[in-house]
Amino acid sequence: MTASIIDGKAFAAALRERIATQVASFHEAAGRAPGLAVVLVGEDPASAVYVRSKHKATVAAGMGSFEHKLSADVSQDELLALIDTLNADDRIDGILVQLPLPDHIDERAVTTRIDPDKDVDGFHPVNAGRLATGLYGFVPCTPLGCLMLLKDQLGDLAGLDAVVIGRSNIVGKPMAALLTKESCTVTLAHSKTKDLSSVVRRADIVVAAVGRAEMIKGDWIKPGATVIDVGINREAAPVEGSNGRLVGDVDFAGAMQVAGAVTPVPGGVGPMTIAVLLRNTLVSAHRRARVPYDKDAL
Ligand SMILES: Nc1nc2c(c(=O)[nH]1)N[C@@H](CN(C=O)c1ccc(C(=O)N[C@@H](CCC(=O)O)C(=O)O)cc1)CN2
Ligand SMILES: [Mg+2]
């Protein structure tokens, strides 16, 4: 048996096109474009690439992009002051601070400073609480992207057995909350979980978000299961100066022998993160300007 490959890159491109159409309608109705502010602290090369991709995607969708690049030694107070300014700026519907931050900055202090109603990353505890209690709020982009791929693949998820491996605030916990909301039977597994292979083996849906290259083996997977691989791990470069191969948290070749469908790395979950960020920003703009929107298109 060979699994089908879930093409997250194509799905994300189609979502970005629908968003661009709706951005144009919003612009006409509200007399302004939705605005996204992205703050980058320091020179982490991967973060710089992601921020550049966000800028390009934002502009391509017809939205305003407000980039703020701060040096690695900026003080926490200066960063918080910038967030205060962005919170008060009416042109801006979404604010995100690219993670990770340098060690001298407290990530929690930064994410809690963002106005929850502009928190398009969905990292503010108010939005985490809204998700946990079934209220309307922003959902973190990566898990929401995973859910979109799952629904596209499987339709109704009710009653399915799902395991999420990894309990981060950014992916694992919100993913478990989203799947619970879809009436899945959810197990949130982590580094202390006993007999992880048996836990994975009974799942119809496997979401791997542990950050350990190829940790989830093909023979752990239930035949026909849908496997969503959130991991982006770069292997050591074969030659100095070159780039190592990107691999997920799942042994892709092994999973392809057993699963029903698998997301690849790259080209699976990753591209969904930025498409969903645009979606959240557009939704925020509609809510802030009190312009109704077509939920089904997003
Ligand atoms: N404030 C935030 N910080 C970070 C987030 C986030 O959602 N908000 N997520 C990640 C980084 N990230 C976006 O910020 C991101 C990661 C990966 C991709 C992506 O498209 N990956 C490609 C492969 C890219 C490569 O070659 O390295 C893929 O998987 O196909 C997009 C966005 C951490 N920080
Ligand atoms: Mg830190």
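The values are calculated or read from the model by the stated rules, or taken from the named source; none is laboratory data. Just so it is clear, the model here is predicted, and its values are computed rather than measured. So basically every Cβ, Gly included, is an ideal-geometry build from the backbone, and we count neighbours across all protein chains shown.
Below are the figures for this structure:
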item	result
Test for PRO143: is it closer than 20 Å to ALA189 by Cβ and within 11 Å of ligand 1 (Cβ to nearest atom)	yes
Filter result (surrounded by fewer than 16 Cβ atoms within 10 Å (Cβ to Cβ) and small (Gly, Ala, Ser)) within segment 79-109	ALA81, ALA88, ALA109
Residues (within 16 Å of ligand 2 (Cβ to nearest atom) and hydroxyl-bearing (Ser, Thr, Tyr)) located in segment 42-59	SER47
Matching residues, segment 252-264, being among the hydrophobic types (A, V, I, L, M, F, W, C), surrounded by fewer than 24 Cβ atoms within 10 Å (Cβ to Cβ) and within 16 Å of ligand 1 (Cβ to nearest atom)	PHE252
Odd one out for GLN76 among (1) surrounded by fewer than 18 Cβ atoms within 10 Å (Cβ to Cβ); (2) under 23 Å from ALA13 (Cβ atoms)	(2)
Any hit, segment 231-238, residues being touching an Asp or Glu at 6+ places or on another chain (Cβ under 6 Å) and in the same structural domain as GLY159 (by TED's automatic domain parsing)	yes
Candidates GLY35, GLY62, GLY134, filtered to the one that is more than 16 Å from ligand 1 (Cβ to nearest atom) and at pLDDT below 95	GLY134
Hits in segment 261-297 (condition: of a type in the set (D, E, K, R) and part of a helix (DSSP H, G or I))	ARG279, ARG287, ARG288, LYS295, ASP296
So VAL276, is it in the same structural domain as GLN153 (by TED's automatic domain parsing), surrounded by 13 or more Cβ atoms within 10 Å (Cβ to Cβ) and either modelled with pLDDT of 95 or more or among the polar types (S, T, N, Q) (or both)	no
Neighbours by Cβ (under 9 Å, 6+ apart or cross-chain): first from segment 95-119, under 17 Å from ARG130 (Cα atoms) and of a type outside the set (S, T, N, Q); second within 14 Å of ligand 2 (Cβ to nearest atom) and assigned to a loop (DSSP other than H, G, I, E, B)	ILE114/PHE123
Single unsatisfied condition, ASN127 versus (1) surrounded by 14 or more Cβ atoms within 10 Å (Cβ to Cβ); (2) within 16 Å of ligand 2 (Cβ to nearest atom)	(2)
Spans of helices (runs of 4 or more DSSP H) in segment 82-173 with at least 2 residues β-branched (Val, Ile, Thr)	107-111, 125-133
Residue under evaluation ARG167, criteria (1) buried (at least 18 other Cβ atoms within 10 Å of the Cβ); (2) among the basic types (Lys, Arg); (3) within 21 Å of GLY8 (Cβ to Cβ), criterion not met	(3)
